[in-house]
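Structure, as structure tokens:
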Amino acid sequence: MGIVVIQEIETVWTKSARGGKRAILRNAIPEAVKIPYNLTDIINIQRLYHSLRYNTNYKQRTQPTEDIRVSSTFHSITAGCVHVEGNNNLVLASFQYNIECGGAPNRKWLGKTLRIAPNEWGQMIYNGLFVYRGSHFWLCKKTIVNVGIFERITPGLFTRSAPTHRFSAMAEIW
């Protein structure tokens, strides 16, 4: 029986970080990272969720905020605009756009579901512009959600090979 692994990588930036050195830092953030070593020895789990959130509004790259959740049962989970459901033999990762998770421009018409089997992994990537009503403040987000079914957890699950399935809903945002 496989273990479902979900990795969400989110990068956030504002107007002050959209160009120059900060853009270089932002663009250097990987689309997949290694699973922390201390998680490879955990047994009796059915699902692992690993999230990293980067803020590139600083002059130098900062460490991401990291969250790790393990579960002994598999149940559906939503990571940003990606809903993951299924079981340990087949996982469906669906891009389900809404303005709260995906920002502008509207991509409600753009839906996609990846069917992920054991020893496969898929990647969904999207971005969005978020404007706060009544203010001139805005921010941009780029989100990557990697989902796979694996026999065991090793650090390089998402970094040793290209995704089996990939979907991009990247928009031109200024």
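The values are calculated or read from the model by the stated rules, or taken from the named source; none is laboratory data. Quick caveat: nothing in here was measured; it's all calculated off a predicted structure. Here the Cβ positions follow ideal geometry from the backbone for every residue, glycine too, while neighbour counts run over all protein chains shown.
Give the range 5-17 a look and list any residue that's modelled with pLDDT under 80 and surrounded by 15 or more Cβ atoms within 10 Å (Cβ to Cβ), or say none.
Here is the first cut: in the range 5-17, the ones modelled with pLDDT under 80 are 15-17.
Answer for the range 5-17, where residues must be modelled with pLDDT under 80 and surrounded by 15 or more Cβ atoms within 10 Å (Cβ to Cβ): just Ala17.
Look through the range 131-153, keep the residues that are in a strand (DSSP E or B) and not aliphatic (A, V, I, L, M), and return whichever of them is surrounded by the fewest Cβ atoms within 10 Å (Cβ to Cβ).
Kept after step one, since they are in a strand (DSSP E or B), are these residues of the range 131-153: 131, 138-150.
Next, only the ones that are not aliphatic (A, V, I, L, M) stay: 138, 140-143, 146, 148, 150.
Details: Trp138: 14, Cys140: 21, Lys141: 19, Lys142: 21, Thr143: 23, Asn146: 26, Gly148: 25, Phe150: 18.
Result: Trp138.
Answer yes or no: is there a residue in the range 113-135 that is free of Cβ contacts under 8 Å to residues at least 40 places away in the same chain and under 16 Å from the mean Cα position of the chain (by Cα).
Checking the range 113-135: at least one residue is free of Cβ contacts under 8 Å to residues at least 40 places away in the same chain and under 16 Å from the mean Cα position of the chain (by Cα).
One residue is enough: does the range 154-162 have a residue meeting the conditions closer than 29 Å to Gln46 by Cα, in a loop (DSSP other than H, G, I, E, B) and touching a strand residue (DSSP E or B) at 6+ places or on another chain (Cβ under 7 Å)? It would help to see each step written out before you state the result.
Within the range 154-162, the subset closer than 29 Å to Gln46 by Cα is 154-162.
Pick out the ones that are also in a loop (DSSP other than H, G, I, E, B) and you get 154-162.
When the remaining residues are screened for being touching a strand residue (DSSP E or B) at 6+ places or on another chain (Cβ under 7 Å), the result is 157-158.
Yes, the range 154-162 contains a residue that is closer than 29 Å to Gln46 by Cα, in a loop (DSSP other than H, G, I, E, B) and touching a strand residue (DSSP E or B) at 6+ places or on another chain (Cβ under 7 Å).
Condition first: hydroxyl-bearing (Ser, Thr, Tyr) and assigned to a strand (DSSP E or B). Now tell me which residues in the range 1-22 satisfy that. Let's see the steps before the verdict.
Initial filter on the range 1-22 (hydroxyl-bearing (Ser, Thr, Tyr)): 11, 14, 16.
Of everything in the range 1-22, those that are hydroxyl-bearing (Ser, Thr, Tyr) and assigned to a strand (DSSP E or B) turn out to be Thr11, Thr14.
Identify the residue in the range 66-84 that is over 14 Å from the mean Cα position of the chain (by Cα) and hydroxyl-bearing (Ser, Thr, Tyr) and, among all such residues, is surrounded by the most Cβ atoms within 10 Å (Cβ to Cβ). Don't jump to the end; show me each part of the working.
Kept after step one, since they are over 14 Å from the mean Cα position of the chain (by Cα), are these residues of the range 66-84: 69-76.
So of that shortlist, the ones also hydroxyl-bearing (Ser, Thr, Tyr) come out as 71-73, 76.
Numbers: Ser71: 13, Ser72: 9, Thr73: 8, Ser76: 11.
Checked the range 66-84; the qualifying residue surrounded by the most Cβ atoms within 10 Å (Cβ to Cβ) is Ser71.
Those residues that are aromatic (Phe, Trp, Tyr) and either in contact with a helix residue (DSSP H, G or I) (Cβ under 9 Å, 6 or more places away or on another chain) or buried (at least 18 other Cβ atoms within 10 Å of the Cβ) (or both), I need them from the range 154-174; list them, please. Full working, then the answer.
If we filter the range 154-174 for residues that are aromatic (Phe, Trp, Tyr), which is where we start, we get 158, 167, 174.
Once the filter is applied, which keeps residues that are aromatic (Phe, Trp, Tyr) and either in contact with a helix residue (DSSP H, G or I) (Cβ under 9 Å, 6 or more places away or on another chain) or buried (at least 18 other Cβ atoms within 10 Å of the Cβ) (or both), the range 154-174 yields Phe158, Phe167.
Return yes when Trp121 is more than 21 Å from Pro30 (Cα to Cα), out of contact with any Lys or Arg (no Cβ under 6 Å at 6 or more places or on another chain) and surrounded by 14 or more Cβ atoms within 10 Å (Cβ to Cβ) and no when it is not.
Details: more than 21 Å from Pro30 (Cα to Cα): no; out of contact with any Lys or Arg (no Cβ under 6 Å at 6 or more places or on another chain): yes; surrounded by 14 or more Cβ atoms within 10 Å (Cβ to Cβ): yes.
Considered against the rule, which asks whether it is more than 21 Å from Pro30 (Cα to Cα), out of contact with any Lys or Arg (no Cβ under 6 Å at 6 or more places or on another chain) and surrounded by 14 or more Cβ atoms within 10 Å (Cβ to Cβ), Trp121 comes out as no.
Give the residues of the range 85-115 that are small (Gly, Ala, Ser), surrounded by fewer than 14 Cβ atoms within 10 Å (Cβ to Cβ) and closer than 21 Å to Thr14 by Cα, sorted by residue number.
So the first thing to find is which residues in the range 85-115 are small (Gly, Ala, Ser), and the list is 86, 93-94, 102-104, 111.
When the remaining residues are screened for being surrounded by fewer than 14 Cβ atoms within 10 Å (Cβ to Cβ), the result is 111.
Within the range 85-115, none qualify.
Out of curiosity, is Ser168 under 17 Å from Phe74 (Cβ atoms), modelled with pLDDT of 90 or more and hydroxyl-bearing (Ser, Thr, Tyr)?
Values: under 17 Å from Phe74 (Cβ atoms): no; modelled with pLDDT of 90 or more: yes; hydroxyl-bearing (Ser, Thr, Tyr): yes.
Here the answer is no, as Ser168 does not meet what is asked.
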